[in-house]
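Notes follow the structure.
The values are calculated or read from the model by the stated rules, or taken from the named source; none is laboratory data. What you see is a predicted model; the values in this text were computed from it and never measured. Here the Cβ is made from the backbone with ideal geometry for all residues, glycine too, and neighbour counts use every protein chain on show. Side chains included, ligands, DNA and RNA excluded: accessible areas come from the protein's heavy atoms. Shrake-Rupley method; radii C 1.70, N 1.55, O 1.52, S 1.80 Å.
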Amino acid sequence: MPKKVFYEHLKTTAAIKEQFVQQIERIEMVASIKEASIHIPGDKDVAEIDVLALYLKGIGIPYEAIELVARSISNKLLFICLTNESCKLLVRRDRLYETGWEPTDGAKLELVGSTLGELWDSIVSQVIFGDASYTDLAGRLERKRRSEALRLELEQVERKRKSEKQIAKKNALFDRKRAIEAELSRLEGES
């Protein structure tokens, strides 16, 4: 499908249109996973999963363009960003998630689940966590978000602690650092 279709018919900015023009060579619909094609029943949240291949002009990922496409299509979308010899998989749940770059011949996903909703959660899990388990995906994502926020806070606390001159404040920051590390340890144990 022509990439022009996306940026001409959707509300976009000049910067996002520029991403379509400068970073994406072409867009192809490579698969449509639905009950009629794979005989797995849909559910109230997932009726169809579309797989879009984005052939890129370089290794830069057009995140804003992908986000625009993901928000504008009601079906669940798996994006495959392709360069000459490597690919990266992206999905959108609460935000975009991606794998690392992999050789194109080494990239694969397992189709796991008894409904399209479970299948979608399995695909998302493979992109984010590297495993096909769709069990408690929402909980796993929440723990991942919390862990990322704690790691960021830990970096900030350590920076402040190094520059702090007052002993009482330095000790309070040390206590906060230990509390963050304990919560991170607990979250990693739950994963």
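Scanning the stretch 96-115 for residues that are outside any strand (DSSP E or B) and under 18 Å from VAL46 (Cβ atoms) yields LEU109, GLU110, LEU111, VAL112, GLY113, SER114, THR115. Is it true that some residue in the stretch 171-191 is in contact with a Phe, Trp or Tyr (Cβ under 9 Å, 6 or more places away or on another chain), at pLDDT below 90 and either on the phi < 0 side of the Ramachandran plot or open to solvent by 40 Å² or more (accessible area, probe 1.4 Å) (or both)? Yes; the residues of the stretch 171-191 include at least one that is in contact with a Phe, Trp or Tyr (Cβ under 9 Å, 6 or more places away or on another chain), at pLDDT below 90 and either on the phi < 0 side of the Ramachandran plot or open to solvent by 40 Å² or more (accessible area, probe 1.4 Å) (or both).
Here ARG161 does not fit the description of being touching a helix residue (DSSP H, G or I) at 6+ places or on another chain (Cβ under 9 Å), assigned to a helix (DSSP H, G or I) and in contact (Cβ under 8 Å) with a residue 40 or more places away in the chain. When the stretch 82-110 is filtered for residues that are in contact (Cβ under 8 Å) with a residue 12 or more places away in the chain, under 26 Å from HIS39 (Cβ atoms) and exposed (fewer than 13 other Cβ atoms within 10 Å of the Cβ), only GLU110 remains. Please verify whether SER125 is surrounded by 16 or more Cβ atoms within 10 Å (Cβ to Cβ) and not aliphatic (A, V, I, L, M), treating the condition exactly as stated. Taking the combined requirement at face value, the residue satisfies it. Does GLU118 satisfy being modelled with pLDDT of 90 or more, in a helix (DSSP H, G or I) and open to solvent by 70 Å² or more (accessible area, probe 1.4 Å)? It is false that GLU118 is modelled with pLDDT of 90 or more, in a helix (DSSP H, G or I) and open to solvent by 70 Å² or more (accessible area, probe 1.4 Å). Condition (residue is in contact with a helix residue (DSSP H, G or I) (Cβ under 6 Å, 6 or more places away or on another chain), open to solvent by 30 Å² or more (accessible area, probe 1.4 Å) and either farther than 30 Å from THR135 by Cα or touching a residue at least 60 places away in the same chain (Cβ under 8 Å) (or both)) applied to the stretch 64-76: is it met by at least one residue? No, the stretch 64-76 contains no residue that is in contact with a helix residue (DSSP H, G or I) (Cβ under 6 Å, 6 or more places away or on another chain), open to solvent by 30 Å² or more (accessible area, probe 1.4 Å) and either farther than 30 Å from THR135 by Cα or touching a residue at least 60 places away in the same chain (Cβ under 8 Å) (or both). Contact map, the stretch 37-58: first residue assigned to a helix (DSSP H, G or I), second residue open to solvent by 60 Å² or more (accessible area, probe 1.4 Å), Cβ cut-off under 9 Å, separation 6 or more or different chains; pairs are ILE38/LEU111. Scanning the stretch 1-53 for residues that are closer than 16 Å to TYR63 by Cβ and among the hydroxyl-bearing types (Ser, Thr, Tyr), which turns out surrounded by the fewest Cβ atoms within 10 Å (Cβ to Cβ)? Per the stated criteria, the residue is THR13. Can you say whether GLU158 is among the charged types (D, E, K, R) and within 30 Å of PRO41 (Cβ to Cβ), as far as the supplied structure shows? Criteria not met by GLU158.
Looking at the stretch 128-142, which of its residues are closer than 19 Å to THR99 by Cβ and either open to solvent by less than 40 Å² (accessible area, probe 1.4 Å) or in a helix (DSSP H, G or I) (or both)? Residues satisfying the conditions are ILE128, ALA132, LEU137, ARG140, LEU141. For the stretch 7-44, taking the residues that are of a type in the set (Asp, Glu) and within 26 Å of THR83 (Cα to Cα), the one that is modelled with the lowest pLDDT is identified as GLU8.
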